[in-house]
Amino acid sequence: MSQPFYLTTAISYVNAKPHVGHAYEFIVSDAICRYRRMQGRPVFFLSGVDEHSATVEKAAEEAGQHPRDYCDYMAEVFLNLHRLTGSSLSDFIRTSEPRHHDTTKELLRRAYAKGDIYKGHYEGWYCFSCEAFYLADDLLDGELCPVHKKKAEWRQEENYFFRLSRYAEAIKRHFEEHPDFNVPVMYRNEMLALLDRGLQDISISRSTTRWGITLPWDESNVSYVWFDALSNYLTGVGFLKDEALFNTYWPADVHVIGKDINRFHSVLWPAMLMSCDIALPKMVLVHGFVYHKGEKMSKTIGNIVDPVSLIEQYGRDPLRYFLLREIAFGQDGNYSEDALINRYNADLANDLGNLFSRVLAMIKKYREQRVPRTAGIDGAFQEVISKIRRAYVESMEQYAPHLALGAVWDLVSKANDYVQKQEPWALAKDPNKKDDLDRVLLNLAEALRAVAVMIHPFMPGTSEEMLKRLGFPLDGGFPLLKDLEHAGLCAGNTIDVGASLFPRIDKTK
Ligand code: ME8
């Protein structure tokens, strides 16, 4: 059997509605999972919500609701965004679920038994929005949090601590022995620098709130966010509950996260797992931030981009395409409506949409809607398709979806050139060129099949529609990459021209 693949997203805080950054993380993660399914691998794709934070408690209070009711509502809001963005989720976890309480308590119990949790007193700079302490060195001038640029507060606490400091050397060794543990490399380097400075123990409980998971040995304290959040990745694949599922998918292949929470995933999480004698995940894959016209999105500026309205206006696949193509994975990127419309019109409506309509219209007009099967394949053009497929696979293996899409659009543009050069309309006029026309049309149909399969991770709906019109109904399943190794599968298929895939957007309206 093919090797199982397990990918997680960060679990979202439910203290505010999702923004386009959340949508980006869901979409990138879904694209990777779909690609793995196209390789024939069994995939488990987990996402969920992080409900026990102090910010969530505050948001519930502001909404005049009990945290549970507030979270019920917000969990649905996030799940709905997954539906709208097209996430092919295997499960959606809420940290308030009993199955997750059991995981967190078990981890706390194990770490406590190891002597890695102790009661202590702590003072330090604390950012309320990060729910984390910072060293004075990490703060920006004026004691500002480096992420939120808000003033950090000096806090004193009496609660339980996790001996993170004990694991600094072991984690460093793990980084050295596993160069792919934390990628891209710039984020890995940040973590190595942090490890070099040494680690401080961290507070893992609160006595000031009741909204959370109580410590097994001291009911007056509840577990503090990161301990109970990170452990969701275990709960999601049946930790303590379903041994077969757990053994199939753990350790996770990839944790997809944004750059602001790398240290929790690449430093704290491995330490927790080491303390609990659980295998470490294989990779923490870090993406950059999506900005709005170069600015960080924030409630105060009022520039938060709502992904739901973008999908309603421009459609799911165009938004997926835009984010995956526009943002070089790992780097920060920008959203603007103008850039989205430009990409839509140029890449989707013009390059891909026109090619598809044109080729299908010619097959309809010249060959009674059937892809010719007689004249054989054009070796040189097939080699172009194979070469692009290899570049695509290489980019996807390196988690560079923007480059994979670049490769596919290279094929789209080569196919457009091929139409111009071969002039099928001229061949159609000459009865002696019947075989040539057959060959050209078959080749173009094959190029479109390759494009349709390769865009599946990025634009699943468009991929399915294109394949259906080319005579390969998927019926909700996944296309397989290995089918691209066989040339000529389109031959003899009845095609369906259908409506334009991407009607042009008129910017003036
Ligand atoms: O951090 N662009 O939740 P969260 C791209 N609950 N990604 C962004 C972003 C932006 N502008 N803003 C945030 C949490 N993200 C914790 C995670 S995991 C055990 C606990 C990313 O709702 C962010 O980096 O604040 C994170 O990966 C995800 O969105 C959820 O952020």
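Quick one: which helices (runs of 4 or more DSSP H) sit completely within segment 390-509 and have at least 2 residues that are under 16 Å from G353 (Cα atoms)? Outline the logic, then answer.
Details: elements: 401-422, 424-427, 434-454, 460-469.
Fully inside segment 390-509 and qualifying: 401-422, 434-454, 460-469.
Being under 30 Å from D277 (Cβ atoms), near the ligand (Cβ under 10 Å from one of its atoms) and either out of contact with any Gly (no Cβ under 6 Å at 6 or more places or on another chain) or at pLDDT below 95 (or both) is the requirement here; does T95 meet it? Yes: the conditions hold for T95. Take S2 and decide whether it is within 30 Å of K482 (Cβ to Cβ), surrounded by fewer than 17 Cβ atoms within 10 Å (Cβ to Cβ) and away from the ligand (no atom under 16 Å from the Cβ). Yes: the conditions hold for S2.
Kindly indicate whether Y73 is more than 23 Å from D218 (Cα to Cα), away from the ligand (no atom under 15 Å from the Cβ) and surrounded by fewer than 18 Cβ atoms within 10 Å (Cβ to Cβ). Answer is yes for this residue.
Would you call Q65 surrounded by fewer than 24 Cβ atoms within 10 Å (Cβ to Cβ), touching a residue at least 12 places away in the same chain (Cβ under 8 Å) and away from the ligand (no atom under 16 Å from the Cβ)?
Here the answer is no, as Q65 does not meet what is asked.
Can you confirm whether segment 336-348 contains a residue that is within 16 Å of the ligand (Cβ to nearest atom), more than 22 Å from P460 (Cβ to Cβ) and of a type outside the set (A, V, I, L, M)?
Yes, segment 336-348 contains a residue that is within 16 Å of the ligand (Cβ to nearest atom), more than 22 Å from P460 (Cβ to Cβ) and of a type outside the set (A, V, I, L, M).
Among the candidates E485, E464, the residue that is surrounded by 17 or more Cβ atoms within 10 Å (Cβ to Cβ) and under 30 Å from the mean Cα position of the chain (by Cα) is uniquely E464.
Residue-wise test of (1) surrounded by 15 or more Cβ atoms within 10 Å (Cβ to Cβ); (2) without any contact (Cβ under 8 Å) to a residue 60 or more places away in the chain; (3) over 27 Å from the mean Cα position of the chain (by Cα).
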site	(1), (2), (3)
R367	yes, no, yes
R373	no, no, yes
D378	yes, no, yes
F381	yes, no, yes
R390	no, yes, no
E394	no, yes, no
P401	yes, no, no
A415	yes, no, yes
K421	no, yes, yes
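For segment 7-48, taking the residues that are more than 11 Å from the chain's Cα centre (by Cα), more than 19 Å from S231 (Cα to Cα) and small (G, A, S), the one that is nearest to the ligand (Cβ to nearest atom) is identified as A16. Taking the criterion of being touching a helix residue (DSSP H, G or I) at 6+ places or on another chain (Cβ under 7 Å) and surrounded by 17 or more Cβ atoms within 10 Å (Cβ to Cβ), the residues of segment 85-98 that qualify are T85, G86, S87, L89, F92, I93, R94, T95, S96. With respect to (1) within 16 Å of E106 (Cβ to Cβ); (2) modelled with pLDDT under 95, the lone exception for A229 is condition (2). Of the strands (runs of 3 or more DSSP E) lying entirely inside segment 101-192, those containing at least 1 residues that are touching a helix residue (DSSP H, G or I) at 6+ places or on another chain (Cβ under 6 Å) span 117-127. Can you find a residue that is within 13 Å of the ligand (Cβ to nearest atom) and buried (at least 17 other Cβ atoms within 10 Å of the Cβ) anywhere in segment 274-281? Yes, some residue in segment 274-281 is within 13 Å of the ligand (Cβ to nearest atom) and buried (at least 17 other Cβ atoms within 10 Å of the Cβ).
Within segment 285-302, residues that are more than 10 Å from the ligand (Cβ to nearest atom) sit with their Cβ atoms under 7 Å from residues that are at pLDDT below 90 and part of a strand (DSSP E or B), at 6+ positions apart or across chains, in these pairs: I301/E295. Filtering segment 149-160 to residues that are surrounded by 13 or more Cβ atoms within 10 Å (Cβ to Cβ) and at pLDDT below 85 leaves only E157. Screening I261 against (1) under 21 Å from S96 (Cβ atoms); (2) at pLDDT 95 or above; (3) more than 11 Å from the ligand (Cβ to nearest atom) leaves a single unmet condition, (3).
Taking the criterion of being touching a Pro at 6+ places or on another chain (Cβ under 9 Å) and either more than 19 Å from P318 (Cα to Cα) or not β-branched (V, I, T) (or both), would at least one residue in segment 410-430 satisfy it? No, segment 410-430 contains no residue that is touching a Pro at 6+ places or on another chain (Cβ under 9 Å) and either more than 19 Å from P318 (Cα to Cα) or not β-branched (V, I, T) (or both).
The values are calculated or read from the model by the stated rules, or taken from the named source; none is laboratory data. Worth saying up front: this structure is predicted, and the values here are computed from it rather than measured. Counting neighbours? That spans all protein chains shown, and the Cβs are built from the backbone with ideal geometry, glycine included.
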